[in-house]
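Reading through the structure tokens given below for one structure.
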Amino acid sequence: NPPITVPLDECPIIIEDDRTGLSIETIRRALLDNLYYVQGKTPQTATKNDFYMALAYTVRDRLLKRWLSTQLTYRKTPVKTVSYLSAEFLLGPHLINNLISLNLYDPFKKAIEESGLNFQELVDQEEEPGLGNGGLGRLAACYMDSLATLEIPAIGYGIRYEFGIFDQEIKDGWQVEITDKWLQYGNPWEIARPEFAQLVKFGGYTESYYDQDHIYRVRWVPRYTVNGIPYDTPILGYRVNTANTLRLWKAEASESFNFERFNVGDYYGAVRDKVACETISKVLYPNDEQIQGKELRLEQQFFFVSCSLQDMIRIHLNKNASLDNFHEMWSIQLNDTHPAIGVAELMRLLLDENNYDWDTAWNITKNTFAYTNHTLLPEALEKWPLNIFGRMLPRHLEIIYAINHRFLDEVRIHYPNDVSKLACLSIIDETGEKYVRMAHLACVGSFAINGVAALHTELLKSDVLRDFYELYPEKFSNKTNGVTPRRWMVLSNPRMSFTICEKIGDSWIKNLDDLRQLEGYAEDGGFRNYWQQIKKEVKQDLANYIQAKLDIKVDPHSLFDVQVKRIHEYKRQHLNVLNIVTLYNRIKNNPNLDVTPRTFIFGGKAAPGYFMAKLIIKLINSVADVVNNDPVICDRIKVIFLPDYNVTFGQRVYPAADISEQISTAGKEASGTGNMKFSLNGALTIGTLDGANVEIRESVGAENFFLFGLTTEEVYAIRANRYTPRDYYNSDEELKAVLDLISTGFFSHGDPNLFRPIVDNLLYSDPYMLLADYRSYVDAQDAVGCAYRDQDHWGRMSILNVARMGKFSSDRSIKDYCNDIWKTKPFAIDVPEYMQSQA
Ligand code: CJB
């Protein structure tokens, strides 16, 4: 049933009423109205969550006009649309973000307070949609924000996981994983669109036939099909009328296949199959940068990609006569290789379901997709065993072989005398067990390939994708990551944001380069003082939170040294621990030592199956136990591990940091985006020349950045000469003392075995070269400690960090993608009349 078209100006919701009104009184009435008619509660019986839901619906009512206007406009206008395909969207809570975008924060806060409710308490009710693991998923969320703010027609496609990233608890120092039941009390921000469901096929076999024009065709006869139900969430642009859509797919059993079993009376069999289908969108794989090779994961990937491509084709054919111009109307960005199966699926849809010939189909496909690589870690490069792949996607395997066949012909022409190139470049890895290499499929099937920071892109070109770069240099470019200043400054750090606005106005919120105007104020002593005072207040907030959560008192005057990110050996949280134990030893050896008081704050989740990462969490907590309770230390250093690091907690912690730990082994962190959030909130970085740290340092000035560690070239050179970590241990007394202390069981109640895997790993292999970087890190940390004593100078450095970080707005990244890759332009959405006063 095709949707009914209503001309925009005839949209009936024009009279200001409880559904749309913006006065405090109307908002109050609307809240009660939604509480009564949507939640079915009166204020007397309502829970906090009921009030939150009513509040969320009241906000949603006020964004719907923008959302519908945007979608109607896109439907009738021939605009090129960006389709962002991502297995993860780590959105974070919507409520405040939407209020800020709509410019309705103040009236809503007032209305809630005047109703006698606690605004913050209601806000805290929101369960954040944790539909991602870390940086990659959060980047997708920042990009959706910027696309809408820049008024770019765009749609995000992904999976509506019933359970997102697990909640983390710490028991006896160890991580415990708890299911994330984010949908338990309802999600007011999504709208199901079952009328746009899509069928997805799996398994079975293929057969060939001749169509009525005697043309050879292939038909896929699946073993089972799954229904994809789209759930839409509006993504508002900041103070514009654009509201784009994030469309997430939920898997449900398709009736056609259940009927068979029902009909033969196999009721339980039918239900079992139904449950199996629904498993597809049940849970997010909690591994970050580590493939597990599980069939269900491939099922998830194909499921959401097939739904999304079919949906795009449906939308396309609503306003175009054919798919001939599909690539002119869509740019599909592959967020890593997770959706790379899309290359084969679009080919199948064009060839088998729309009767295109190979060359036309391939021309459309390879001009539609663009691929972003996010990691250099070999263990994260996706490859699927051929047997698993062929069993689940028999038609796609045929298509991939056909793509590969033609591609290798091209390679042969390019390198007539070099057969080794064929093996290196082939989409099929035939060096041992056979695999489909997803990055190769993405490279062959895309017109653009990019890395996420300058150094990362260079390493892609010289190392991981070297052969592709040699073959297709014109496809490669860099797109340094960015973060949205709306969530990561305005929302999370209102104090600092107001302070900046007082000085330079608010244009920076949309044009982050305007922060440059703050540079002058770095020379104003009074302002520096004020700036540091603001920071102190924000730190006090975090201190209160830590006190409430962990019952640990921390001093807001101490240096807040923060490392929050996924726990991974390459990110080297344990290097941070080595420095803490070094300080501990120094104070124990010299109790009167004059050290700069510091609070070390950690946060981050470990993949549930990643033993070393979990042991690192235990080590941090064990060291914390000793250090925090040793009377000799006397609170000069404190170590805090804050459980359950997520977007909401990030919003508290970035603004409160003095020092940002970005200490990965050079050449390992593709970009990092936490590094940007810290610096934009006035923290100084201690970091290696890795990922976007390199560009951050260039931007803020080397004198406002604490650099340490080996460069990528040095890392490679030392490795080439056989790295022997023991040499560093033997030649550095402090290092030796630290590792020996851990080895004796000092932090493990006398058990020398608990942390042995970490110590042995460092002494005998140390793949991430902690020992090689230890001395340089500890020295840089000493410099940090000294620098912090000069609060006035620190304030100057902090202001300059913020002032010079404009480049790292996701708006800049998205503009670069638009200009260089997608070739898309903004398309403004008309201001509905009743909204104009708000714009
Ligand atoms: N990244 O979060 C992930 N997961 C992956 O599987 C691969 C990469 C991260 O992506 C971020 C966004 O591009 C990068 O900033 C970060 O360096 C990278 O580790």
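Throughout, read-outs are computed from the coordinates displayed, never taken from laboratory work. This one's a predicted model, so the numbers in the text were calculated from it and none came from an experiment. Glycine gets a Cβ as well: all are built from the backbone with ideal geometry, and neighbour counts include every protein chain shown.
For the reader, a short list of remarks on this structure follows.
- Approximate spin-label separation GLU523-SER208, in nm, with each point projected 7 Å along Cα-to-Cβ: 7.7
- Expected-Rg normalisation [2.2 N^0.38 Å, Cα atoms] applied to segment 79-130: 1.54
- Inter-probe distance in nm under a simple model that places probes 7 Å from Cα toward Cβ, at GLN791 and THR744: 3.8
- Subtracting the Cα-Cα distance of LYS319 and GLU114 from their residue separation scaled by 0.36 nm leaves 69.0 nm.
- When the alpha carbon gyration tensor of the chain is reduced to an equivalent ellipsoid, its three semi-axes come out at 43, 36, 26 angstrom, largest first.
- C-alpha center-to-center spacing [segment 527-549, segment 196-264] in angstrom: 51
- Relative contact order of segment 559-604: 75 percent, from C-alpha pairs under 8 Å at least 6 residues apart in sequence.
- By definition, a body whose alpha carbon gyration tensor gives a ≥ b ≥ c is rounded when a/c is under 1.5, and segment 553-790 falls into this rounded group.
- When the pairs LYS565/LYS614; LYS366/LYS668; LYS571/LYS677; LYS201/LYS366; LYS294/LYS421; LYS571/LYS736 are compared against a 20 Å limit on Cα-Cα distance, LYS366/LYS668; LYS201/LYS366; LYS294/LYS421; LYS571/LYS736 fall above it.
- Integer Hz, Karplus 6.51/-1.76/1.60 couplings in order for segment 357-367, x for Gly and Pro: 7, 4, 5, 5, 4, 5, 4, 5, 4, 6, 9
- This ranking places ILE640, ILE534 by how few other beta-carbon atoms lie within 10 Å of each, fewest first, which gives ILE534, ILE640.
- Mean separation of Cα contacts under 8 Å, 6 or more apart, over the residue count of the chain: relative contact order %: 14
- Computed over the chain, the per-residue total of -39500 (n - 2.57) for DSSP H runs of n ≥ 4 gives a 222 nm mean residue ellipticity of -13500 deg cm²/dmol, rounded to 500.
- Cα-based shape type of segment 747-795, given that a ≥ b ≥ c are square roots of the gyration tensor eigenvalues and the cut on a/c is 1.5: oblate
- Couplings 3J(HN,Hα) of segment 565-582, computed from phi: 4, 4, 7, 8, 4, 6, 7, 6, 4, 6, 5, 4, 4, 4, 5, 4, 5, 4 Hz, in residue order, whole Hz [Karplus 6.51 cos²θ - 1.76 cosθ + 1.60, θ = phi - 60°; x for Gly and Pro].
- Relative contact order, percent, segment 553-790 [alpha-carbon distance under 8 Å, six or more residues apart]: 21
- At R0 = 41 Å, FRET efficiency that the Cβ-Cβ distance of ASP555 and ARG722 yields, to 0.05: 0.35
- Extension gain (nm, one decimal) between ALA423 and VAL176, 0.36 nm per residue minus Cα-Cα: 84.6 nm
- Rotationally averaged projected area of segment 566-668 (alpha carbon convex hull; nm²): 7.2
- Each of THR582, THR77, THR360 has some number of other Cβ atoms within 10 Å of its Cβ, and from fewest to most they run THR77, THR360, THR582.
- Computed from phi, the 3J(HN,Hα) profile of segment 94-106 under the Karplus parametrisation 6.51, -1.76, 1.60 (θ = phi - 60°) reads 8, 3, 5, 4, 5, 4, 5, 4, 7, 6, 10, 4, 4 Hz, with x in place of Gly and Pro.
- Rounded Å value of the spacing that divides the Cα centres of segment 660-735 and segment 24-55: 51
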